[in-house]
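Okay, structure first, notes after.
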Amino acid sequence: TIYKFIDWNEYKNCIVLDYGAGKFNNVKDYLLQWNIKLYCYDKYNRSEEENNEALSVIPNIIICANVLNVIMEDNEIKRIAELLKNYNKPLYVQIYEGDKSGIGRLSKKDCWQRNEKIDSYLKYFEGFEIKGKYLYNLPAI
């Protein structure tokens, strides 16, 4: 996962915003070893209170893992990308490429899957680098 890709020693004692975090809290436990506070936003799996709190923090780093690849509408991906880039913080985006056909369709999990290669997301994240299944940007702070 993207959490294993990041060198957390560089972010000890910081605040992380996980945009599209899902419903489980195992990442919170994982990050405790570096004394990192994780705030989770997920429109579908977190409470309104938790989402509002997550979007009100000033994070030191932002994670968005396997979120954009399940969104059908390009304009929604663009909106989320702009929101996350506007923090002007290190941003790590994980993309699941599916079958890499570029043909979006419902997956067997009854969920939309774009099936796009990671480089197709660079149009939303100009200046970002690709490493494996991740896009990332480390702005000068």
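The values are calculated or read from the model by the stated rules, or taken from the named source; none is laboratory data. If you're wondering where the values come from, they're calculated on a predicted model, not measured in any experiment. Glycine gets a Cβ as well: all are built from the backbone with ideal geometry, and neighbour counts include every protein chain shown. The accessibility values were calculated without ligands, DNA or RNA, using every heavy atom of the protein model including side chains. Shrake-Rupley method; radii C 1.70, N 1.55, O 1.52, S 1.80 Å.
Brief remarks on what is shown
- Yes/no for Leu38 being at pLDDT 95 or above and farther than 21 Å from Ile71 by Cβ: yes
- Only residues that are part of a helix (DSSP H, G or I) and over 20 Å from Lys131 (Cα atoms) were counted in the range 1-37, giving 9.
- Restricting the range 60-108 to residues that are among the β-branched types (Val, Ile, Thr) and assigned to a loop (DSSP other than H, G, I, E, B), the residue that is nearest to Glu126 (Cα to Cα) is Ile95.
- Figure legend. Inter-residue proximity from the range 27-54: first residues under 18 Å from Ile2 (Cβ atoms), second residues part of a helix (DSSP H, G or I) and small (Gly, Ala, Ser), beta-carbon distance below 6 Å, spacing 6+ or different chains. Indicated pairs: Tyr39/Ala54; Cys40/Ala54; Tyr41/Ala54.
- The residues of the range 85-114 that are over 15 Å from Ile6 (Cβ atoms), touching a residue at least 40 places away in the same chain (Cβ under 8 Å) and of a type outside the set (Val, Ile, Thr), listed by number, are Lys85, Tyr87, Asn88, Cys111, Trp112, Gln113, Arg114.
- Single condition Glu10 does not satisfy, out of (1) out of contact with any Cys (no Cβ under 7 Å at 6 or more places or on another chain); (2) surrounded by 14 or more Cβ atoms within 10 Å (Cβ to Cβ): (2)
- Breaking point among (1) touching a strand residue (DSSP E or B) at 6+ places or on another chain (Cβ under 9 Å); (2) without any contact (Cβ under 8 Å) to a residue 40 or more places away in the chain; (3) open to solvent by 30 Å² or more (accessible area, probe 1.4 Å), for Ile118: (3)
- Hey, Leu38 more than 11 Å from the chain's Cα centre (by Cα), crowded, with 18+ Cβ neighbours inside 10 Å and not aromatic (Phe, Trp, Tyr) or not: yes
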